[in-house]
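Asks: What follows is a structure written as structure tokens; I'll ask about it next.
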Amino acid sequence: MKPSQLQPSEYASYYGNYIAQVSEEYTLIEELEISLHRFIKFVQDIPMDKFDYQYAEGKWTIKDIIQHLIDAERIFAYRALCFARKDATELSGFEENDYVDEANANNRSIMELLTELSAVRHATLLLFKSFNETQLLRSGIASNNPMSVRAIGFVIIGHQNHHQKVFEERYL
């Protein structure tokens, strides 16, 4: 399955930007794996003095953003699990700034953050590999909007790609 197979009704319009940043070259499962390796290699090539850099007052550091990716992926994976298992509970949104403020990412090493990101992605990958076609098409309500399981997978990838572009444009 590729991002072009998604219907606009499977996700909130604000996720369209993330989904548009996912390559059509690979399937969802392939891209979940490939994008992780691509991102880790990209981050490992960033000069060490940039990890704690803020391009403007009040903006997140690269470490903050990596922690944000970890937290967001955990939340998205939980949503995918709930929807795939037919849990009809409407899921709330999350305030990303509150999460970053409490995460203490800047007190961690970049290797620790990348190791955690990798562990989370491997768990996400195994979760998505466990879903059959019927489960991938299931949807639920998150942040007051319908979202399919498969759309969540593409949002995880596109969200990571979005932040990599932010690194390139504003941090390096």
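The values are calculated or read from the model by the stated rules, or taken from the named source; none is laboratory data. Source: prediction; values computed, not measured. Cβ: placed from backbone, ideal geometry, glycine included. Neighbour counts: every protein chain shown. The protein model used for the area step is the full one, side chains on, heavy atoms only, and it has no ligands, DNA or RNA in it. Shrake-Rupley method; radii C 1.70, N 1.55, O 1.52, S 1.80 Å.
Asks: Identify the trypsin sites (Lys or Arg not before Pro) of the range 27-98 meeting these criteria: DSSP loop state and at most 16 other C-beta atoms within 10 Å of the C-beta.
Replies: LYS59, ARG85, LYS86
Asks: Please find, in a Gaussian network model of the chain (springs between Cα atoms separated by less than 10 Å), the residue of SER109, SER23, SER118 whose mean-square fluctuation is greatest.
Replies: SER109
Asks: Taking a point 7 angstrom from the Cα of ASP87 along the C-beta vector, which residues in the range 133-159 have backbone N less than 13 Å away?
Replies: In the range 133-159, the label zone of ASP87 (backbone N under 13 Å from the point 7 Å along Cα→Cβ) covers 140-142.
Asks: Only helices at least 27 Å long along their axis, Cα-based, and averaging -1.0 or more on Kyte-Doolittle count here, so list those DSSP H runs from the chain. Please report the intermediate quantities before stating the final value.
Replies: Details: long enough: 62-84 (32 Å, 0.61); 110-130 (30 Å, 0.87).
Within the chain the helices that satisfy the rule are 62-84, 110-130.
Asks: Quick one: what Rg and Dmax do you get for the range 21-159 from the alpha carbons, in Å?
Replies: 15.8, 47
Asks: Please report the carbon-and-sulfur percent of the accessible area for the chain; probe 1.4 Å, protein heavy atoms only, DNA, RNA and ligands left out. Before the final figure, lay out the partial values.
Replies: On the way: 4250 of 8650 Å².
Of all accessible area on the chain, carbon and sulfur atoms account for 49 percent.
Asks: Rounded to the nearest whole Å², what accessible area per residue is found for the range 38-97 with the 1.4 Å probe?
Replies: Values: 3220 Å² over 60 residues.
Heavy-atom accessible area per residue stands at 54 Å².
Asks: At GLU57 and GLU95, where each label point lies 7 Å from the Cα along Cα→Cβ, what is the point-to-point distance in nanometres?
Replies: Distance between the two pseudo-spin positions: 2.2 nm.
Asks: Residue farthest toward the positive end of the dipole of the chain, with Cβ of Lys/Arg at +1 and Asp/Glu at -1: which of TRP60, SER13, PHE94?
Replies: Of TRP60, SER13, PHE94, it is SER13.
Asks: Which entries of LYS2/LYS41; LYS41/LYS129; LYS2/LYS129; LYS129/LYS165; LYS63/LYS129 show an alpha-carbon separation above 20 angstrom in the structure shown?
Replies: Numbers: LYS2/LYS41 24 Å; LYS41/LYS129 24 Å; LYS2/LYS129 15 Å; LYS129/LYS165 27 Å; LYS63/LYS129 29 Å.
Those over the limit are LYS2/LYS41; LYS41/LYS129; LYS129/LYS165; LYS63/LYS129.
Asks: Using the Cα centre of the range 1-97 as the reference point, and only Cβ charges (+1 on K/R, -1 on D/E), how large is the resulting charge dipole? Debye, rounded to the nearest 20.
Replies: Working: 10 positive and 17 negative charges, 35 e Å.
Computed about the Cα centre, the dipole is about 180 debye.
Asks: Only Lys, Arg, Asp and Glu count, each charged at its Cβ (+1, +1, -1, -1), so figure out the dipole size of the range 1-51 about its Cα centre, rounded to 20 debye.
Replies: Numbers: 4 positive and 8 negative charges, 26 e Å.
My answer is approximately 120 debye.
Asks: With +1 on each Lys and Arg Cβ and -1 on each Asp and Glu Cβ, and nothing else charged, work out how big the dipole of the range 62-110 is about its Cα centre, in Debye to the nearest 20.
Replies: Working: 6 positive and 10 negative charges, 73 e Å.
It works out to roughly 360 debye.
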